[in-house]
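Report on one structure; see the data block that follows.
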Amino acid sequence: SFKAETIEVNGEISLRVSALNAMRRAVLEDLGNQIINSYKLPYENYSSAEIFEKNEKTEIIARVLTKEQASLCGGADKIVLPLHIASDMGGDNIIAEVPTVVTMEEAPRVKELIKKAKSNGINKFFCQSLDAVAIAKGDGAYIYAGFSVNCSNAEAVDGAAELGADE
């Protein structure tokens, strides 16, 4: 991902290859984080109550990527988190997002994370593909079919429901 144009070394050094590789990985990770952090948008603190007039039918669902972001979603009724993060958490307001694409090699690990999430009290799963629906359904799981499932007519909705989607 990166190319060093110059490297300066003062004096003689001797490093094991493993130490050199560890240093290289640390530098690459730090550079990557610096790039990611340089693109963060400014955060403006606001209350969802200021924006939405909530009634009995209104449900606010926040879809976030980290535990830290989830901790900022106090006004949300439900919080969607990636499966690998949600599986370590608990709470009836957490919805675990199953990866959209699950290869045959990854399927056992994803199924194990789903099992772990269920053991921590999470039984709601957000799925962006019918493959994800098929992996997550069963054992009382409630499945939200995401916008990528493309249920744009009644037949598609019925088909997704037959495969296990609840909503």
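If R0 is 45 Å, the Cβ-Cβ spacing of residue 23 and residue 167 corresponds to a FRET efficiency of close to 0.40.
Rounded to the nearest 500, the 222 nm mean residue ellipticity of the chain from helices alone is -11000 deg cm²/dmol, with -39,500 (n - 2.57) taken per DSSP H run of at least 4 residues. Looking at the chain, the accessible area is 74 square angstrom per residue; that uses a 1.4 Å probe and ignores ligands, DNA and RNA. Here the chain exposes an accessible surface that is 53 percent carbon and sulfur, computed with a 1.4 Å probe and the other protein chains kept in place.
By how many degrees, between 0 and 90 and to the nearest 10, does the Cα long axis of helix 154-163 differ from the longest principal axis of the chain? Around 70 degrees separate the two axes. In degrees, nearest 10, range 0 to 90: what is the angle between the Cα axis of helix 17-38 and the longest Cα principal axis of the chain? Once rounded, the angle reads 50 degrees. The residues 127, 151, sorted by heavy-atom accessible surface at 1.4 Å with ligands and nucleic acids left out, run 151, 127 from largest to smallest.
In plain terms, the chain from residue 139 to residue 34 could stretch by 33.5 nm, reckoned as 0.36 nm per residue minus the Cα-Cα distance.
What do you get for the angle between helix 107-119 and the principal long axis of the chain? Use alpha-carbon atoms, 0 to 90 degrees, nearest ten. Compared with the principal axis, the helix lies near 60 degrees.
The values are calculated or read from the model by the stated rules, or taken from the named source; none is laboratory data. As the structure is a prediction and not an experimental result, all values here were calculated from the model. In this analysis, Cβ positions are derived from the backbone assuming ideal geometry, glycine residues included, and neighbour counts consider all displayed protein chains. Calculation scope for accessible area: heavy atoms of the full protein, side chains included, ligands and nucleic acids excluded. Shrake-Rupley method; radii C 1.70, N 1.55, O 1.52, S 1.80 Å.
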